[in-house]
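Enquirer: One structure coming up, written as structure tokens, with questions to follow.
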Amino acid sequence: MTTYQEFITQNEERDGVRFTWNVWPSSRLEATRLVVPLGCLFTPLKEHIDLPRLNYDPVLCTRTTCRAILNPFCSVDYRAKIWICNFCLQRNNFPPQYAGISEQLQPAELSPHYTTIEYTLMRAPAQPAVFLFVVDTCMDEDDMTALKESLQMALSLLPSDALVGLITFGRMVHVHELNCENMTRSFVFRGTKDLTPQQVQEMLGLMKQQPNQRPVPGNPNVLQQQSNALYNK
């Protein structure tokens with residue numbers, strides 16, 4: 001019989017996920033006593049020798065703010081052909097091609113043995129894949145050197161049309177602008193200052209600009225002024 005530790009190790013090896021805790025708190029009181037917050041390390045480019053590949057599109061949650069993918073941890077009503085998203089609890093109807101599924105005839109994405117699968121999309125993606133690297137710089141020199149080597153290896157494996165972003169954080173948070181060829185440029189945020197998502201979008205120039213609207217801080221035409229202001233705060 002497989003021990004609990006062996007079960008955890010097998011899951012980590014198969015899915016490339018390691019959690020800070022293997023047992024979650026069952027109450028809010030227990031959650032407040034956690035020395036280390038709940039979190040996980042995920043390896044999205046982990047190599048799988050026998051990774052199952054499905055030649056059809058994934059089934060997505062219909063809630064626009066969720067869009068999670070059907071997986072073995074969802075609750076399924078095979079008679080009504082309904083599945084409940086395990087992230088947002090949205091009730092979803094199965095598409096017509098799933099009319100023949102049952103407890104004895106499950107699609108691969110509901111099999112408990114296939115917690116990690118790869119889809120071969122039948123249509124071209126609307127935009128290139130996006131990879132955002134968030135790096136903690138609070139480490140010693142040897143660890144930082146190893147991290148740099150790992151990042152370089154990961155970058156070499158990315159698709160040629162991939163979009164890449166880089167955020168580093170220590171005492172300050174640096175959002176790096178990678179399309180500057182002749183200089184190094186980054187937006188710097190104080191780690192002790194709270195900012196709303198809208199403020200961050202404005203500073204980075206990510207707000208949608210309406211026709212005939214005056215430029216807002218962070219847009220390309222005032223990028224240098226905003227960058228200087230961030231450094232001086």
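Enquirer: Using a Förster distance of 35 Å, how high is the FRET efficiency between T120 and S150, based on the Cβ-Cβ distance and rounded to 0.05? Can you show the working numbers first?
Expert: Numbers: r = 27 Å, r/R0 = 0.78.
The calculated FRET efficiency here is 0.80.
Enquirer: Beta carbons within 10 angstrom, averaged per residue: use that to sort the peptides 22-31, 69-78, 94-103, highest first.
Expert: Working: 22-31: 9.7, 69-78: 15.7, 94-103: 11.2.
Answer by packing, highest mean first, reads 69-78, 94-103, 22-31.
Enquirer: Between L41 and A162, what is the label-to-label distance in nm when each label sits 7 Å out along the Cα-to-Cβ direction?
Expert: The answer from the label model is 1.9 nm.
Enquirer: Lone cysteines in the chain, going by a 4.7 Å Cβ-Cβ cut-off?
Expert: For the chain, the answer is C40, C74, C138, C180, because their Cβ atoms have no other cysteine Cβ under 4.7 Å.
Enquirer: State, to one decimal in nm², a quarter of the convex hull surface area for the C-alpha atoms of the range 10-106, i.e. the direction-averaged projected area. Each step should come with its number before you reach the end.
Expert: Numbers: hull surface 35.5 nm².
For the Cα atoms of the range 10-106, the hull's average projected area reads 8.9 nm².
Enquirer: Can you order the peptides 191-201, 82-92 by their average number of other Cβ atoms within 10 Å per residue, highest first? Each step should come with its number before you reach the end.
Expert: Values: 191-201: 10.5, 82-92: 15.9.
Most protected by this proxy first, the peptides run 82-92, 191-201.
Enquirer: Mind putting a number on the dipole of the chain about its Cα centre? Charges go on the C-beta only, +1 for Lys and Arg and -1 for Asp and Glu, and I need it in Debye to the nearest 20. It would help to have the intermediate numbers written out before the result.
Expert: Values: 20 positive and 23 negative charges, 243 e Å.
Dipole size: approximately 1160 debye.
Enquirer: Which entry in [x] 22.4, 69; [y] 16.4, 54; [z] 26.7, 97 matches Rg and Dmax of the Cα atoms in Å derived from the coordinates of this structure?
Expert: Derived directly from the coordinates: [x].
Enquirer: Putting +1 on Lys and Arg Cβ atoms and -1 on Asp and Glu Cβ atoms, find which of A80, Q97, F42 reaches farthest to the positive end of the dipole of the range 9-106.
Expert: A80
Enquirer: In addition: Run the helix sum for the chain: -39,500 (n - 2.57) per DSSP H stretch of 4+ residues, divided by residue count, reported at 222 nm to the nearest 500 deg cm²/dmol. It would help to have the intermediate numbers written out before the result.
Expert: Numbers: 5 runs with 51 residues, N = 233.
When only DSSP H runs of four or more count, the value is -6500 deg cm²/dmol.
All of the numbers you see were taken from the coordinates with simple rules; none came from a lab. This one's a predicted model, so the numbers in the text were calculated from it and none came from an experiment. Heads up, the Cβs are rebuilt from the backbone with ideal geometry, glycines too, and the neighbour counts pull from every protein chain shown.
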